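What follows draws every value from the coordinates through simple rules; no lab data is involved. This one's a predicted model, so the numbers in the text were calculated from it and none came from an experiment. No Cβ is skipped: glycine too gets one built from the backbone with ideal geometry, and neighbour counts run over all protein chains shown.
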């Protein structure tokens, strides 16, 4: 996925000298492997029911709730560019979307707080990918998360491919749903750079994401 800096995007540079995470950033950013990963189960019962009731893509519904949570946690909006830290105003979704021939393409779905707008963007990208053999989207950048839905199996951990070049874009993977304790659950694997994101921030995201999913 592209790592180019789009000067047209709204960016706020973090003053590292005044940042309370300066030492944490310098320590983890100096490591060959600065990433940490967790897998968290989420209750998607209401999101799944909403999908069935409205005949709208379950993936689009929970991805939108995920993106709302991402955009609510400042540290998930940080990116490292030339060893400097910037905050994007808005984070979008770059997810793999499956074609009819079972290959996939990378998408870039512009985020909107309004689900109807986000869903139109999702459908447009799905149609573009299904009508193309291109792997990469025409629009790309760092103002996104990279994510994949893996609805064919349930996993308890997951590892992302690594290019060999350090990357500050958070990675997400969504598992097959499963029933447990009268709830429909879905495991979500989250991989982030510890130079930018700590366990506390993952916890903030998880709490907001679950609250979003719980809304009817």
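When the helices in the chain are scored as -39500 (n - 2.57) per DSSP H run of 4 or longer and the sum is shared across all residues, what 222 nm value do you end up with, to the nearest 500 deg cm²/dmol? Show your work: numbers first, answer last.
Values: 5 runs with 65 residues, N = 216.
-9500 deg cm²/dmol, from helical runs alone.
For the chain, what Kirkwood radius comes out of the mean inverse Cα-Cα distance, in Å?
Values: mean 1/r = 0.0557 Å⁻¹.
Evaluated on the chain, it is 18.0 Å.
For the chain, what's the relative contact order in percent, using C-alpha pairs closer than 8 Å and at least 6 residues apart?
On the way: 370 pairs, mean separation 67.7, N = 216.
For the chain, the relative contact order is 31 percent.
Would you mind calculating the gained length between residue 83 and residue 183 on full extension (0.36 nm times residue separation, minus the Cα-Cα distance), in nm to one decimal? Don't skip to the end; give the middle numbers.
Details: separation 100, 0.36 × 100 = 36.00 nm, distance 4.36 nm.
This chain segment gains 31.6 nm when fully extended.
Any chance you could give the angle, 0 to 90 degrees and rounded to 10, that helix 199-214 forms with the longest Cα principal axis of the chain?
Helix 199-214 sits at roughly 20 degrees to that axis.
Once you have all Cα-Cα distances for segment 108-151, histogram them in 5 Å bins from zero and send the whole-percent values.
5, 19, 25, 30, 18, 3, 0
Relative to the longest principal axis of the chain, what angle (0 to 90°, nearest 10) does the C-alpha long axis of helix 58-72 take?
30 degrees
What whole-number distance in Å separates the alpha-carbon centres of segment 147-216 and segment 107-121?
Segment 147-216 and segment 107-121 have Cα centres spaced 20 Å from each other.
Of the listed peptides 67-76, 20-29, what is their order by residue-averaged count of other C-beta atoms within 10 Å, with the highest listed first? All intermediate terms of the calculation are to be shown ahead of the outcome.
Numbers: 67-76: 19.5, 20-29: 14.3.
So the peptides 67-76, 20-29, ranked by packing, come out 67-76, 20-29.
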